[in-house]
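Quick notes on the structure that follows.
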Amino acid sequence: FAETFSQYIVEVSAGGGSDQPDTDADAQSVLFVVEGGGILTIGTDTHDLSAGSYAYIPVNTEWTFTNPNDAPCRFHWIRKAYEWVDGIDAPPPLVTSDAAIEPSVMPDTNGAWATSRFVDPSDMRHDMAVTIVTFQPGGVIPFLETHVMEHGLYVLEGKAVYNLNNDWVEVEAGDF
């Protein structure tokens, strides 16, 4: 595994899974299901996941994932070494879905760009974020997008043109 940040697309076959998917106690994880479903157990709590499910798994947390279904389950697994800050506890586990999150319309975009945030960006316990960005046809980011952290992009649906290091790259569903 990467030392600080990694993002994978995982496929768990029907009947598959792991009782020990991550042995790195310093890693926190986010799972985002894009196809199929499975059962996530965090500590003693069990969660049925399906397409659109989001799970945040904190550092120092034991978890398992199984797929009892007849079809494969595909999910994004984002891992990051947790960066402790004195006086701030790690956040608790969180399991939700994209359907449960109300997208925030971004300013100065005439409603063409919205962002679904699974965690509150002002919650300092979280040192990483996973969001869903939605563009209506013709929607654009009205400024040069830059980040001070590691960044991944996966297109869930549709097509777009993305400015990457001053190169315009066509992207579509399934591109990473």
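The values are calculated or read from the model by the stated rules, or taken from the named source; none is laboratory data. Model, not experiment: these values are computed from the prediction. With ideal geometry, Cβ positions are generated from the backbone for all residues, glycine too; neighbour counts draw on all protein chains shown. The protein model used for the area step is the full one, side chains on, heavy atoms only, and it has no ligands, DNA or RNA in it. Shrake-Rupley method; radii C 1.70, N 1.55, O 1.52, S 1.80 Å.
Taking segment 161-176, which residues are open to solvent by less than 70 Å² (accessible area, probe 1.4 Å) and within 22 Å of S53 (Cα to Cα)?
A173, G174, D175
So which residues in segment 130-156 are among the hydrophobic types (A, V, I, L, M, F, W, C) and in a loop (DSSP other than H, G, I, E, B), if there are any at all?
Those that are among the hydrophobic types (A, V, I, L, M, F, W, C) and in a loop (DSSP other than H, G, I, E, B): V130, V140, I141, F143, L144, V148, M149, L153, V155, L156.
Kindly state which strands (runs of 3 or more DSSP E) lie completely within segment 38-121 and contain at least 1 residues that are under 25 Å from E150 (Cα atoms), open to solvent by 40 Å² or more (accessible area, probe 1.4 Å) and not hydrophobic (A, V, I, L, M, F, W, C).
Per the criteria, 73-81, 113-117.
Looking at G152, is it of a type outside the set (A, V, I, L, M) and either open to solvent by less than 50 Å² (accessible area, probe 1.4 Å) or touching a Lys or Arg at 6+ places or on another chain (Cβ under 9 Å) (or both)?
Judged against the criteria, G152 is a match.
Any chance you could count how many residues in segment 1-13 are open to solvent by less than 50 Å² (accessible area, probe 1.4 Å) and either more than 19 Å from P72 (Cβ to Cβ) or in contact with a Gly (Cβ under 9 Å, 6 or more places away or on another chain) (or both)?
The total comes to 4.
Looking only at residues in segment 14-37 that are assigned to a loop (DSSP other than H, G, I, E, B) and open to solvent by 60 Å² or more (accessible area, probe 1.4 Å), which one is farthest from N69 (Cα to Cα)?
D26
Go through (1) without any contact (Cβ under 8 Å) to a residue 40 or more places away in the chain; (2) open to solvent by 50 Å² or more (accessible area, probe 1.4 Å) for G158 and report which single condition fails.
Result: G158 fails condition (2) only.
Can you find a residue in segment 139-149 that is open to solvent by 90 Å² or more (accessible area, probe 1.4 Å), within 25 Å of Y56 (Cα to Cα) and within 16 Å of the chain's Cα centre (by Cα)?
Yes.
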